[in-house]
Amino acid sequence: MKKQHQLLCFAIMPFTVRETDLTKYQNDSAHWREVYQGLIVPAISQAGLQPQRDDDDYSTRLVTEGVWSKIEQADLVLCDMSSHNPNVHLELGWAMRADKKIVLIKDEITSFNFDLNQYYTYEYSSRLQPTFLQNSVKELSKVIGATLADNVSNYSMVAKLALQQRAVEAVSVGNVEVELLQELLGEVQLLKRQREKGTLPVEEGPRVLLGVQDPSKLPERLIGTTWRKKGGLEEILFLSEDTFAYCSVGIQKWLENDVTFDTTSGTMELTWRHDGYLSPCRFDGGYSQFTESNGERWFLIAKEPFVHPSFGSSLTPASGRLQSLRHRSMQP
């Protein structure tokens, strides 16, 4: 019987510990070899693939040419981005160009790369303690298996970058449908990362009461408050009595929209400027949440401007009013 070909996983990672990084890795000059043998090789093997790293082939004379060739031949590429090694990033770029299925990993002392932080990255402990290492091998093997099983290019960076580029170009000429698709793509990517990490999106936190007794005071009391949609992927912030700002994990910037109030009944109507959609909203008795006419619920999470951690730390302000509201909320 003909022996079945075993799928190949090529590992891209640092080879030597730089002198400036020695103290970070307990002065262990063989740290990366230990990561490869203790974590990467067992995880790849448990996932049913054959592990390979460039220095496993000592017959290679033209090192760069050998790396490119092995990346092209691999069924999956695992990239350890720990310590931000320039050669690793170069080889990762080649793997992305080849549209390979890629698993990204890093240790806990390495910050996320800005250009790649939208992609799921498995994080392991650099200290390689036996107990943690055993769990990490199991977890990483599952990530490798899930990536390998993908047959619809969900893990293709080339496909994602191409889609995002087309979306950016379409938005620049006013294609609203593609803009909404781009937003939805961002939300789906976040949910996938949260599912892989075993976390759930933030929904309703501790109940916050707005403290409105007279509906006529509602517009004034809403200014500066932050509300989160059920599911934790969208937030709105009331900027004034006729304007609110909206952001989500998909667009990661504040967009201004319009709001009107019926101070007699204590209701309001949200108007989304990009498509003119009108949504009547009704508050609960304590003004801690409101429900849109389509059934979507929003919860009051803060009486001051607040940003969901998944939205990023550098959201573009909707206007100078957002900055002034933040400044005001910090005053004693």
Every residue from the stretch 262-284 that is surrounded by 18 or more Cβ atoms within 10 Å (Cβ to Cβ) and either of a type in the set (Phe, Trp, Tyr) or over 25 Å from Arg207 (Cα atoms) (or both): Phe283
Within the set of pairs 6 or more residues apart or between chains, which connect a residue that is over 11 Å from Ala302 (Cα atoms) inside the stretch 209-230 to a residue that is among the polar types (S, T, N, Q) with Cβ atoms less than 6 Å apart? Pro215/Thr263; Ser216/Thr263
Can you confirm whether the stretch 297-310 contains a residue that is surrounded by fewer than 15 Cβ atoms within 10 Å (Cβ to Cβ), under 27 Å from Asp214 (Cβ atoms) and at pLDDT below 75? no
State whether one or more residues within the stretch 86-103 are modelled with pLDDT of 85 or more and in a strand (DSSP E or B). yes
Please specify each residue of the stretch 104-150 satisfying the condition of being under 20 Å from the mean Cα position of the chain (by Cα), hydroxyl-bearing (Ser, Thr, Tyr) and either modelled with pLDDT under 85 or within 19 Å of Gln26 (Cα to Cα) (or both). Thr110, Ser111, Tyr119, Tyr120, Tyr124
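The values are calculated or read from the model by the stated rules, or taken from the named source; none is laboratory data. Just so you know, these numbers come straight off a predicted model, no measurement behind them. Every residue, glycine as well, gets a Cβ built from its backbone with ideal geometry; the counts of neighbours run over all protein chains shown.
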